[in-house]
1. Looking only at residues that are in a helix (DSSP H, G or I) and at pLDDT 95 or above in region 209-232, which one is farthest from residue 87 (Cα to Cα)?
2. Of everything in region 426-454 that's over 18 Å from the mean Cα position of the chain (by Cα) and in a loop (DSSP other than H, G, I, E, B), which residue is surrounded by the fewest Cβ atoms within 10 Å (Cβ to Cβ)?
3. Considering only region 284-325, state which residues are assigned to a helix (DSSP H, G or I), free of Cβ contacts under 8 Å to residues at least 60 places away in the same chain and within 13 Å of residue 422 (Cβ to Cβ).
4. If we keep just the residues of region 95-105 that are without any contact (Cβ under 8 Å) to a residue 60 or more places away in the chain and under 20 Å from the mean Cα position of the chain (by Cα), which is farthest from residue 191 (Cα to Cα)?
5. Out of region 466-501, which residues are assigned to a loop (DSSP other than H, G, I, E, B) and either within 15 Å of the chain's Cα centre (by Cα) or closer than 22 Å to residue 428 by Cα (or both)?
6. Given region 130-208, what strands (runs of 3 or more DSSP E) lie entirely inside it while holding 1 or more residues that are at pLDDT 95 or above and closer than 25 Å to residue 309 by Cβ?
7. Please pick out the residue among 416, 471 that is on the phi < 0 side of the Ramachandran plot, in contact (Cβ under 8 Å) with a residue 40 or more places away in the chain and not assigned by TED's automatic domain parsing to the domain that holds residue 315.
């Protein structure tokens, strides 16, 4: 393992350790309810682990149902006052929070790397991405409007107005612990909604830091409430069945999303779901292979592959499949695996042992069905949950790795022989979040983009995420959109007023 993993000199490690402790100690580790920091009602805590070592970083409050209901009560009591706040004031709070996040980039990036494991460079990129949602929606807060028109008979007028949905419940994932929060929180604040946020138990520190930033930016108490908890279902289900809740937004697995949709039906909640993905990456015979490999490196290895937008399966034309796989393996072989806090690290650990075992099982299944392991394919020994960057060639159509979300640094390459075959292979999944497409044929580009059953397409690029664009999927990847002009609409109801002349 030592030959494949980076290591830190003892003096550097000692300095980093002191810096790490200081960063963690600067973050509140209690619940944030009604504008106050408080321990869980039962006094319990849950441990936060460093996935690069398997060791405990710190502990945070472990909320109970009473704590969750207290957070919802604070949101409900604050809703009318917050909805009546001037849009400019809401926008100014978001702008101040944006500036604070940017100013604290290094501190927040280190915090994120410690609890999630990703390399510092990736954490910095996520902090910048997360901050941009606050900047984007700070500008959208003052652009919520309706319309006024003559009705069809000419005997009256039609007036429409947009009003905040009301108290929201947000459940955010561990893989992008700050950006998935700001993507929901920013439009809710801009629209005039209050909220209760439940971050993933593996990565609660980034959300607690965000609550601290918003508090200091002047967000009134009760608008944002954060509860950390070991058992998400136990504290979320009562909130979804409470008539004070008006909306649920969830980012996570399709399996959990289905359960939350069922629970939301009782109160007929507005629901936004950003669920699992199985992103195809199509490389046609006329593609620029250098650009395709560059895009594949980003689409596959961003966030150690632990992203719903990660390229999950590579469908490559017969004539270039061997060359593409060879080049991809060569590029991935140069990556350095190690603790994310080491600036030389390219690929950090997976989030936990369960995830590493799943990735290993998918690779073993593919190899057992005839796939060639060009690179990696194994756990890395030692502390932490590391898995070697892996390239599989000639993956058979029945391999599990082509059907299941990998969430790891594994690139399975399969072949196709025609445009029709490529589209059919890409659409042969229950998921429909994003697809990637490399071709220099403009006609083919438009045909395939229209034929792909996904909510987003990366055309000759390996990243689609952008705060100014509507993020979301179709089929079992969910519904609703986050970001862009569409993002704030998820938090607004339309009221129609009929006026007789």
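1. Per the criteria, the residue is 209.
2. In this case the residue turns out to be 430.
3. 319, 320
4. Out of the qualifying residues, it is 105.
5. 466, 467, 469, 470, 472, 473, 476, 477, 480, 481, 483
6. Of the strands (runs of 3 or more DSSP E) lying wholly inside region 130-208, those with at least 1 residues that are at pLDDT 95 or above and closer than 25 Å to residue 309 by Cβ span 168-171, 195-198.
7. 471 is the lone residue from the list that is on the phi < 0 side of the Ramachandran plot, in contact (Cβ under 8 Å) with a residue 40 or more places away in the chain and not assigned by TED's automatic domain parsing to the domain that holds residue 315.
For every residue, the table says whether it meets (1) surrounded by fewer than 24 Cβ atoms within 10 Å (Cβ to Cβ); (2) in contact (Cβ under 8 Å) with a residue 12 or more places away in the chain; (3) farther than 20 Å from residue 76 by Cα.
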{"site": "117", "(1), (2), (3)": "no, yes, yes"}
{"site": "131", "(1), (2), (3)": "no, yes, yes"}
{"site": "152", "(1), (2), (3)": "yes, no, yes"}
{"site": "156", "(1), (2), (3)": "yes, yes, yes"}
{"site": "162", "(1), (2), (3)": "yes, yes, no"}
{"site": "165", "(1), (2), (3)": "yes, yes, no"}
{"site": "172", "(1), (2), (3)": "no, yes, yes"}
{"site": "185", "(1), (2), (3)": "no, yes, no"}
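The values are calculated or read from the model by the stated rules, or taken from the named source; none is laboratory data. Predicted model, so just to flag it, every value in this text is computed and none were measured. Don't worry about glycine lacking a Cβ; one is built from the backbone with ideal geometry, like all the others, and counts go over all protein chains shown.
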